[in-house]
Amino acid sequence: NLQSGAEGEATCNFCPDGLKKSHWDRVIPFIGSNATCFKLNQFFLNYPIAENDHNCQLALNFNYICDCEGPGYAGADSDAKRKVLVWFPRVSGILSFLSSSAIILDIARDRKKRRKLYGQLMLTMSVFDLMGSAAYSLTTLPMPKEYYIEGSKGNDATCTAQGFFIQMGTTSAFVNVSLALYYYCIIKLSWTETRMKKIRIWLFLCPITVGLVFAFAGIPFYDMLFLWCNNSAAWWPEVPIIGAILLTTCAMTSVCLAVYKTENASHTYSSRRESNRQTISSVVFWQSIWYLLSFYLTWPPYLALQYLWAGGSGYSSYGLVLVASTLVPLQGFWNCVVFFRVRAKKKMAHVMSRFSQGGESDVGGQENSAADSNVSGENLSAQPIFGAIENSGDVGNETALEGNGDEGIHLPDTPTETQEAHVANGSTKAFDLEQSGSDVSENHSADEPQNEAVCLDNGWVGMLTSSIR
């Protein structure tokens with residue numbers, strides 16, 4: 001509906017500096033196949049449409065095609081701004097593409113990681129990230145050149161292809177939900193790996209099916225959206241992403257609350273710890289923040305922009321458009337940061353230790369001490385109130401997410417002797433995995449109460465939190 005301007009109110013001026021005759025026959029495709037610059041300019045000259053009318057604002061965003069003075073598309077009213085809108089998202093897309101490739105290569109070259117459910121989920125998520133990042137990095141290149149967008153050299157077919165693969169890339173967000181549910185089942189519900197295998201197919205089938213359905217459903221709606229070609233339908237294309245964010249947030253919040261309750265149960269005995277140690281809840285809380293960061297840094301600005309455009313506003317919000325278009329391709333990059341974060345921290349710690357102590361022998365001594373404190377080969381178990389978690393193999397050194405050792409959290413199918421002793425008489429004892437078996441024996445003598453709880457530190461928390469993406 002067109003809103004006529006009231007008497008004395010500013011009216012829409014499509015071409016303030018006058019339409020050049022050489023541009024009369026240029027077509028504005030977004031408005032219609034027969035909408036030439038001449039016809040549109042005459043329409044707004046003959047009818048006093050209010051300047052704040054949505055149709056006027058939309059038309060002004062396309063008057064650049066007619067070489068008229070105005071806000072430009074997406075608020076880019078100069079050549080420099082238009083080039084920035086092309087290259088900032090392109091750099092983000094390339095960075096995300098390389099990051100997803102790094103995750104894929106790290107998992108693919110390790111047989112243990114490929115066999116674990118966690119590794120398979122990360123591999124699947126990164127493959128779809130790769131598709132989306134590649135499509136995003138093309139930015140305006142596949143757009144039909146008739147739109148006169150900076151860098152556009154494509155046609156309708158290339159535009160549709162780009163939109164399809166961008167939508168396929170959003171499948172990684174749905175796989176992210178499966179990863180969150182994996183940790184929820186392992187940590188909160190105490191499911192074993194054997195039990196997880198029974199639902200393994202659904203953790204892949206559901207997100208991939210949802211992604212494919214929305215990618216194919218969008219084919220009739222893929223069109224130019226200033227930055228790239230994507231689903232131009234109003235409202236519904238973003239609903240699955242919002243649902244994925246909410247589900248992941250709920251799952252990880254539940255895990256955090258469960259860990260917090262465990263820490264409170266052990267609080268009485270934690271006073272014997274060093275005062276500068278992090279509590280379990282704080283470690284898990286911040287790891288959960290890292291886990292959700294890839295969603296919250298990637299999607300909210302772009303979702304806000306899409307809903308503004310669907311509501312007929314925000315066409316000239318250059319700052320919001322630039323921020324949203326730069327962040328949304330970075331899903332794979334944030335995943336990579338979290339995936340390699342703990343490994344990088346350990347390497348940095350070694351470098352800092354070498355620098356501060358200034359001797360190879362001191363560093364070697366520390367490494368030997370760290371090796372003694374690992375529970376690898378000891379098959380010790382850490383069982384908080386919501387389940388037994390077996391710290392096996394290389395988990396003590398570098399857990400699944402760092403890329404070394406076993407993937408995920410391995411749960412034994414049958415309880416070990418340690419676990420049986422652990423659960424006897426309602427005991428809630430949890431071993432500090434930072435210590436070796438002998439340390440545990442020395443610190444927890446036979447004269448201590450049977451159901452004494454020892455606050456877990458970096459061992460069990462390391463298995464949980466470093467596995468949180």
| lysines near LYS261 by alpha-carbon distance under 25 Å, same-chain residues fewer than 8 away left out - which ones? | LYS188, LYS429
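How much accessible area per residue does segment 174-253 have, counting only protein heavy atoms and a probe of 1.4 Å, in square angstrom?
With the other protein chains kept in place, segment 174-253 gives 43 Å² per residue.
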| task | Leaving ligands, DNA and RNA out of it, rank TYR64, TYR73 by accessible area with a 1.4 Å probe, largest first. | result | TYR64, TYR73
| query | Using 0.36 nm per residue, how much length does the chain from ASP67 to TYR47 gain when fully extended, once their Cα-Cα distance is taken away? | reply | 5.0 nm
| Among LEU130, ALA157, ASN63 the positive-end extreme of the charge dipole of segment 60-158 (Cβ point charges) | LEU130
| So which trypsin sites (Lys or Arg not before Pro) in segment 146-210 pass both tests, a DSSP loop state and at most 14 other Cβ atoms within 10 Å of the Cβ? | LYS153
| note | Counting only protein heavy atoms and leaving out ligands, DNA and RNA, the solvent-accessible surface of ASP17 at a 1.4 Å probe, in Å² to the nearest 10, equals 80 Å²
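I need the shape label for segment 1-138. Rule: rounded when a/c is under 1.5, else prolate if a/b > b/c, else oblate, with a, b, c from the alpha carbon gyration tensor.
Prolate shape, in that a/c is at least 1.5 and a/b is the bigger ratio.
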| Spin-label point model (7 Å from Cα, Cβ direction): what's the LEU308 to ARG341 distance in nm? | 2.9 nm
| Computed magnitude of the charge dipole of segment 1-113 (debye, nearest 20; Cβ of K, R +1, Cβ of D, E -1) | 1020 debye
| task | For ALA233 paired with TRP290, estimate the spin-label separation in nm (one decimal), with each label point 7 Å from Cα along the Cα-to-Cβ line. | result | 3.8 nm
| remark: In terms of the alpha carbon gyration tensor, root eigenvalues a ≥ b ≥ c, rounded if a/c is under 1.5 and otherwise prolate when a/b exceeds b/c or oblate, segment 14-59 is oblate
| Tell me, in nm to one decimal, what length is gained between ALA80 and LEU98 on full extension, where the rule is 0.36 nm per residue of separation less the Cα-Cα distance? | 3.8 nm
| request: With a Förster radius of 41 Å, plug the Cβ-Cβ distance of ALA265 and LEU212 into 1/(1 + (r/R0)^6) and report the FRET value to the nearest 0.05. | output: 0.40
| query | Using a 1.4 angstrom probe and counting only protein chains, how large is the accessible area of ASP110 in Å², to 10? | reply | 40 Å²
| note | Once TYR260, TYR136 are ranked on solvent-accessible area with the largest value leading and a 1.4 Å probe, the list reads TYR260, TYR136
| Once the other residues with Cβ under 13 Å from the Cβ of GLU150 are scored (Lys, Arg +1; Asp, Glu -1), what is the net sum? | +4
| Accessible-area composition of segment 82-186, carbon plus sulfur, in percent [1.4 Å probe] | 66 percent
| field | Under the Debye formula (equal points on every Cα, no solvent term), log10 I(q)/I(0) of segment 71-214 at q = 0.14 Å⁻¹ | value | -0.76
| said: Let me check I've understood the local charge: for ALA76, count other residues with C-beta under 14 angstrom from its C-beta, Lys and Arg +1, Asp and Glu -1. What total comes out? | reply: -1
| field | Local net charge near THR11, Cβ-Cβ under 10 Å (Lys/Arg +1, Asp/Glu -1) | value | -3
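The values are calculated or read from the model by the stated rules, or taken from the named source; none is laboratory data. Please read all numbers here as calculations on a predicted model, not as lab measurements. For neighbour counting, all protein chains shown are included, and Cβ atoms are generated from backbone atoms with ideal geometry for every residue, glycine included. Just so you know, the surface numbers come from the protein's heavy atoms only, side chains and all, with ligands and any DNA or RNA stripped out. Shrake-Rupley method; radii C 1.70, N 1.55, O 1.52, S 1.80 Å.
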